[in-house]
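Derivation of every value follows stated rules applied to the coordinates shown; laboratory data play no part. Owing to the predicted nature of the structure, the values given are computational and were not obtained by experimental measurement. Ideal geometry is used to build each Cβ from the backbone, glycine not excepted, and the neighbour counts take in all protein chains shown.
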Amino acid sequence: MRRRIPAWLVEPLVILVAGVDIVYSLYSGNEHYDIVWAVVGVAALTLRRRWPWIAFLPTLPGALVLGQSAASLIALYTVANTTRRRGWLGAAVLVLGLCYIWPVPLDDTEYLTDSLTVVTFVYSLALAAAPAFLGQLVQTKRDLSDRLDEITEAREHERLLITQTALAAERAQLAREMHDVVSHQVSLIAVRAAAWQVSTGDPESKEAAATIRQLSTRTLDELRHMVSVLRAAGSKPTELTPQPGVDDLEQLVASSAIDATLSAEPLPDVDAAVERAIYRTVQEALTNVRKHAPGATATVRVFTEGDTIEVSVTNTAATRAVVALPSAEQGLLGLRQRAELLDGSLDYGPTDAGGWTLRLRLPGHGWQAGR
């Protein structure tokens, strides 16, 4: 990677080069009053960044009396690097070239037509044109670089749009699958559970059917909400339906079809994200108890310890045979990720009595202000 000279060092270097040129001219036998014009030209270089043309004009007398002048070449380069007027730039090159061969004895027609004079003028013009071409080259390079940046930015934007379009298509397809397959099957479960509840005479069966119907109906509501969110991808943000929180834990435990007890301390001013994390943790834990520990009892505790909110769900060992059910094995992973997003932690494992315990810990930075 090429290293550029720091901007703060460029101007002193430019002045130094032009100053060395003056010293060289002084020792080359030029008159001291000629050096004054050269010093004026060097001083004018301090204005070249802001006013290139104004900086260029004071360098012409120095070029006129001394011949080739570093100050005039530097000033002309700056003009060429900034101007868009090619005609004015050509005129500046011509004037500087004439200054380099001045004075011309206008009354000496033989001198004007001398081939050496013509060659000298051509070389002087070439010398004056060199910084102009270099400045225009740097300007063109800068323009091309800016254009490439614009093209790169446009391509990045286009790539982002393509990605968003692909994601929107995938979300729409996922929404269709959830609506056409999952929602349909859950609806059948709810209908069959309702029919079972009406037809059975066994109180325990009737209660189980009611629980299944209630859970199926709630699942359908959540599925419909998820489908609406997926289908709204790429449009304006939609208002989300109220999400369950700590106040809904009692109903969740009561409808879990598990012999479970709830002990929940009041939590002051808990963030909505914290409430959802607590609710989803208890919901997933109770679901796992139903799936993996039939007949077990469970204890749900929500409490504070110092500046930490803790949620624990502990169940006893299963009392009935475990029925194998399909599982994506993503529930606990999702809970742990949700906890980590809130700077918390999730631990789980077997108990000494053969049961299972799950513990969620969340920092209290979101609720300390309301205590």
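Using the charge dipole of region 248-363 (Lys, Arg: +1 at Cβ; Asp, Glu: -1 at Cβ; taken about the Cα centre), state which of Val282, Gly295, Gly306 has its Cα farthest towards the positive end.
Working it through, the farthest residue towards the positive pole turns out to be Gly295.
What FRET efficiency would be calculated for the residue pair Leu160, Leu220, taking the C-beta separation as r and a Förster radius of 45 Å, to the nearest 0.05?
Rounded to the nearest 0.05, the efficiency is 0.80.
Counting other beta carbons within 10 Å of each Cβ, put Ser263, Ser124, Ser69 in order, fewest first.
Listed from fewest to most nearby Cβ atoms, that is Ser263, Ser124, Ser69.
Ranking Leu148, Leu342, Leu362 by Cβ neighbours within 10 Å, fewest first, what do you get?
Going from sparsest to densest Cβ surroundings: Leu148, Leu342, Leu362.
May I ask you to sort Asp271, Asp149 by Cβ crowding, counting other Cβ atoms within 10 Å and putting the fewest first?
Asp149, Asp271
Please compute the length gained on full extension between Lys141 and Trp88, using 0.36 nm multiplied by the number of residues separating them and subtracting their Cα-Cα distance.
So the extension gain works out to 17.0 nm.
Can you tell me the dipole magnitude for region 242-371 around its Cα centre, using point charges on the Cβ only (Lys, Arg +1; Asp, Glu -1), in Debye to the nearest 20?
It works out to roughly 460 debye.
For Ala317, project a label point 7 Å along Cα to C-beta. Then give me every residue of region 280-302 with its amide nitrogen under 19 Å of that point.
Only 289-299 pass the distance filter.
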